[in-house]
Amino acid sequence: MQSSLSLSFSATSSSAAATVSRSRHSFHVPEATPLNLRFCGLRREAFDSGLAASLNRHHSHLPRRPHSAAISAALSANGSPPKSFDYDLLIIGAGVGGHGAALHAVEKGLKTAIVEGDVVGGTCVNRGCVPSKALLAVSGRMRELKSDHHLKSFGLQVSAAGYDRQGVADHANNLASKIRNNLTNSMKALGVDILTGFGTILGPQKVKVGSSNKIVTAKDIIIATGSVPFVPKGIEVDGKTVITSDHALKLESVPDWIAIVGSGYIGLEFSDVYTALGSEVTFVEALDQLMPGFDPEISKLAQRVLINPRNIDYHTGVFATKITPARDGKPVLIELIDAKTKEPKDILEVDAALIATGRAPFTQNLGLENIDVVTQRGFVPVDERMRVIDANGKLVPHLFCIGDANGKMMLAHAASAQGISVVEQVSGRDNVLNHLSIPAACFTHPEISMVGLTEPQAREKGEKEGFEVSVAKTSFKANTKALAENEGEGLAKLIYRPDNGEILGVHIFGLHAADLIHEASNAIALGTRIQEIKFAVHAHPTLSEVLDELFKSAKVKAQASSPVSEQVAV
């Protein structure tokens, strides 16, 4: 659940650091500067105004990378700590970023501990990516069963579809519990020490764990504390009728009419769930168009498929300045003002309101003042290698920050990738993560995925740097597998440099788009050019041929190198 991607390019590094950009979801925060970010396929925003007071003590992130069971005896013992430290590596936060870093550290032979003050798995596993996918799986089935036209096209007849709300909620909760247990067991099996309690940095290489006086030392420390839902001023959350995504994932009710404040990834995914279960949805969006964070062409198509035919209406160009929960028999009240003129616009009366206005970094009470680190809008400042920067602009030795807490790219898998990059560095091998190669996805029906730049971003970059930008497109309507599924609605878009074949961005809207994007993201990560990837062979008939046709349709002036280094006779 996410929105617009903008990237800033560091003057000190040739790699691109994703700063953020996402829709200014619909609310009004006076004298506040939004910093837009992405998280777990969902973009997030944070604001200066009132941010510190709104943060609750939670750690965040999601599990990643299945780890090989073939670990040597030395690694199973979690390595040997240096004599002067309790651990080689201490990670504060056991979400997906911390988990990914811990597993990679064990692989590198580092004695590792992870500190968790809430529950293992962080936001993604417990209150984000994982339970939301369980709800979206249900919404996908419901859409199929309720679509008479779709079923008749297959020759199928199904009686009226229904659902048990508690059963759906249990499915989401059970999945989160299962993944959380899997993460915990994987770390324990590899010898990672799990220390329960909030981690507070006391000084260089020193952390206090919990309310006791237990002090742990480590050669290197990673901050991986994640984020929490951001609720703007003027919005009163009661957890029942005015809710955040944390509450919505419990599915304690399915309101007849729900307003969703923000039309980014979070809002879109929940609109998919609620409308499939019978709710009417009203979007409230501050910008003049819905889904402002997506590539404009993809956004236009997605609105035609995901919004217009469904029981959804919307208000754009407005802020929700005040939201009052339902009480004493009165509905939820939402006061709207014009985003530009600030004049009163309307008052909505709905059964419930979901605040999908993004995420705020959870970095309070970490003891950052003990090492002279000042956060920026709550985010821990880091360089391109995730090394923490102090108030004087100097690197803090042996201290790193990954994931939502640093604000580079608020995605669970980005946190894991950053954690792995840090472990590579502390193990003696320099590593700089290319954030332009990290994909994102919105798990609506059909799905949306992206990697790299949007077309406007690419053209702006090309104009500044003096290169031409071209675009190639393919339709799902030409794909055999998509047609066999009666899911021909979809588009894949490639943005590239025709002079050298560099892939600048790929955007997909269609069946299983979230799975298809990785061929493109891996190509960007590995530096593979279009003239080389054209030689890749795809099984037929598969959806992967959408990407095959996309790359083959690109017109590149540069010639490809030999597709294989040596011909092999079979």
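Summary table below
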item: Sites Ala536 and Lys330 - FRET efficiency at Förster radius 45 Å, r taken between beta-carbons, to 0.05; result: 0.15
item: Accessible solvent surface per residue of segment 175-250, calculated while the other protein chains remain in place, 1.4 angstrom probe, Å²; result: 42 Å²
item: Highest average packing first - 217-225, 494-502, 424-432, Cβ atoms within 10 Å; result: 217-225, 494-502, 424-432
item: Whole-Hz couplings from phi, Karplus 6.51/-1.76/1.60, listed for segment 145-153; x for Gly and Pro; result: 5, 8, 8, 4, 4, 5, 5, 5, 5
item: Long-range amide H partners of Gly293 with built H, under 5 Å; result: Ser4, Ser23
item: Simple label model, 7 Å out from Cα along Cβ direction - Lys473 to Glu349, nm; result: 4.4 nm
item: Cα-based convex hull, segment 121-195, per residue volume (Å³, whole number); result: 107 Å³
item: In nm, spacing of pseudo-spin labels at His518 and Asn431 (7 Å Cα→C-beta vector); result: 1.8 nm
item: FRET efficiency, Asp164 to Asp238 (Cβ-Cβ, R0 25 Å, nearest 0.05); result: 0.50
item: Along principal axes, Cα extents of segment 256-372, largest first, whole Å; result: 55, 44, 35
item: Per residue value of the accessible surface for segment 438-570 (all protein chains in place, 1.4 Å probe), Å²; result: 47 Å²
item: Distant-in-sequence amide H partners of Ala339 (H built 1.01 Å from N, under 5 Å); result: Val318, Phe319
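The values are calculated or read from the model by the stated rules, or taken from the named source; none is laboratory data. What you are looking at is a predicted structure, and each value in this text was computed from that prediction instead of being measured. Note that each Cβ is placed from the backbone with ideal geometry, even for glycine, and that neighbours are counted across all protein chains shown. Note: accessible area is taken over every heavy atom of the protein model, side chains too, but ligands, DNA and RNA are not part of it. Shrake-Rupley method; radii C 1.70, N 1.55, O 1.52, S 1.80 Å.
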